[in-house]
Structures are given as C-alpha cells and as structure tokens.
Amino acid sequence: MTRQAFLARLREGLAGLPAHAITDIVNDYETHFADGAAAGRTEEEVAAALGDPSRLARELKAEIGLKRWEQERNPSAAGAAVFAVLGLGAIDIIFLLPILMAVAGAVFGIGVAVIAVFFAGGMVFAAGPFTDPPGGPVTAVLAGIGLMSGAASVGAVLTIVVIGLVNALVWYGRLHYRLLKPALEPQTQGAVQ
C-alpha cells in the first residue's frame with residue numbers, strides 16, 4: 001500500500017473526529033513515512049509495519065472517545081465512548097450490543113418513570129390545598145413533596161449507576177485494546193525488521 005492510499009484510508013476511518021485531531025493524527029503518520037524513507041524503506045514496507053489503517057482509525061477513535069468521556073462526563077461524551085468501544089471489533093457487537101440495548105432500555109424506562117413520579121408529586125403538591133384530599137391539604141402537600149424528593153433521589157442514584165456503567169464500558173474498551181495490542185505488535189515488529 002502506498003503512502004497516499006494509507007493516509008486516505010486513515011483519514012476516511014477518522015471521519016467524525018474534529019478536523020484538528022484528524023490533521024494531527026495524519027501528520028504523525030506522515031512523519032512515520034518520512035522517517036521510513038530516510039531509513040531507506042519503501043512506502044509499502046512502512047505501511048505494512050504500521051498495520052491496517054482502518055483498524056488504526058478505529059483504535060484511535062476509541063481512545064479519543066474514552067479520553068473525551070474522562071474529561072467531560074456528559075451524555076454526548078458517554079455516547080461517543082460507547083460507540084467508539086463498539087467500533088473496536090465486530091464480534092464485540094454480537095455480545096455487547098444486546099446487553100447494552102437491554103441496559104439502555106431499562107435505564108430509559110426507569111428515567112421516564114422517575115420524571116413521571118416527579119411531575120405527579122408536583123401535581124399533588126400544587127393541587128393539594130385546593131382539593132379535599134383524605135387527610136387534609138397538609139397531607140397532600142407533604143405527599144407531593146415526598147413523591148418529588150423520592151423521584152429526585154432515584155434519579156440521582158440512576159445517574160450514579162449510568163456513570164458507573166459507562167466507566168465499566170470504558171474499562172472494558174481499554175482492556176480490549178490492551179489485549180489486542182500484543183497480538184498486533186508481533187506482526188508490526190516482524191514487518192519493521
């Protein structure tokens with residue numbers, strides 16, 4: 001594979017990343033080719049030593065997604081980290097995707113229930129003094145406050161659980177990458193020598 005073909009496939013695989021990140025990564029790999037040419041190696045030898053550019057792009061995107069999650073801790077970064085980890089290997093999708101879909105569905109369902117209970121508590125709190133509930137208006141106000149605080153508490157616990165699940169997925173992604181890296185390096189080192 002030539003330098004241009006390698007860099008084109010790498011750029012294509014990095015699509016979706018910020019332009020400056022793609023430029024930095026491509027410049028790093030152009031340096032590898034320049035160093036290889038200075039050492040008397042052909043473009044094909046350097047490309048073979050670097051490995052498959054599509055796989056490199058997936059690994060780099062996963063690493064960037066994981067770093068973004070560690071820095072930002074927001075839903076967008078969590079989604080990017082999850083999809084980056086899923087992009088590492090097709091076999092992982094077979095095992096991880098059903099589990100992730102079930103967990104995401106459960107979290108979404110619990111989240112909707114929490115919001116519904118919170119608003120129901122607000123309705124009980126607001127309507128309690130104007131209706132004739134059993135136990136009087138004070139009971140309705142306290143029941144409304146109780147429902148809202150209970151929903152807020154469950155929502156907070158749910159947020160902690162979601163952060164823990166995303167951290168576990170990030171850990172899995174790093175473990176996956178560390179396990180794959182030694183399997184890929186003997187090929188790379190053999191091609192370099």
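Do we have any residue at all in the stretch 107-117 that's at pLDDT 75 or above, open to solvent by 30 Å² or more (accessible area, probe 1.4 Å) and over 21 Å from I163 (Cα atoms)?
Yes, there is a match, as at least one residue in the stretch 107-117 is at pLDDT 75 or above, open to solvent by 30 Å² or more (accessible area, probe 1.4 Å) and over 21 Å from I163 (Cα atoms).
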Do the conditions hold for L17, that is, is it surrounded by 13 or more Cβ atoms within 10 Å (Cβ to Cβ), of a type in the set (A, V, I, L, M), within 29 Å of the chain's Cα centre (by Cα) and not in a helix (DSSP H, G or I)? yes
Based on this model, can you work out whether P186 counts as modelled with pLDDT under 90 and outside any helix (DSSP H, G or I)? no
Checked V192, V154 against criteria (modelled with pLDDT under 85 and in contact with a helix residue (DSSP H, G or I) (Cβ under 7 Å, 6 or more places away or on another chain)); the one match is V192
D35 being among the acidic types (D, E), open to solvent by 40 Å² or more (accessible area, probe 1.4 Å) and closer than 20 Å to G65 by Cα: no
Within the stretch 130-145, tally of residues that are open to solvent by 100 Å² or more (accessible area, probe 1.4 Å) and in a loop (DSSP other than H, G, I, E, B): 2
What residue, of L180, L165, is at pLDDT below 90, out of contact with any Lys or Arg (no Cβ under 6 Å at 6 or more places or on another chain) and open to solvent by 70 Å² or more (accessible area, probe 1.4 Å)? L165
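The values are calculated or read from the model by the stated rules, or taken from the named source; none is laboratory data. Everything quoted here is computed from the prediction, not taken from an experiment. Backbone-built Cβ (ideal geometry, glycine too); neighbour counts: all protein chains shown. Please note that ligands, DNA and RNA were not included when accessible areas were found on the heavy atoms of the full protein model with its side chains. Shrake-Rupley method; radii C 1.70, N 1.55, O 1.52, S 1.80 Å.
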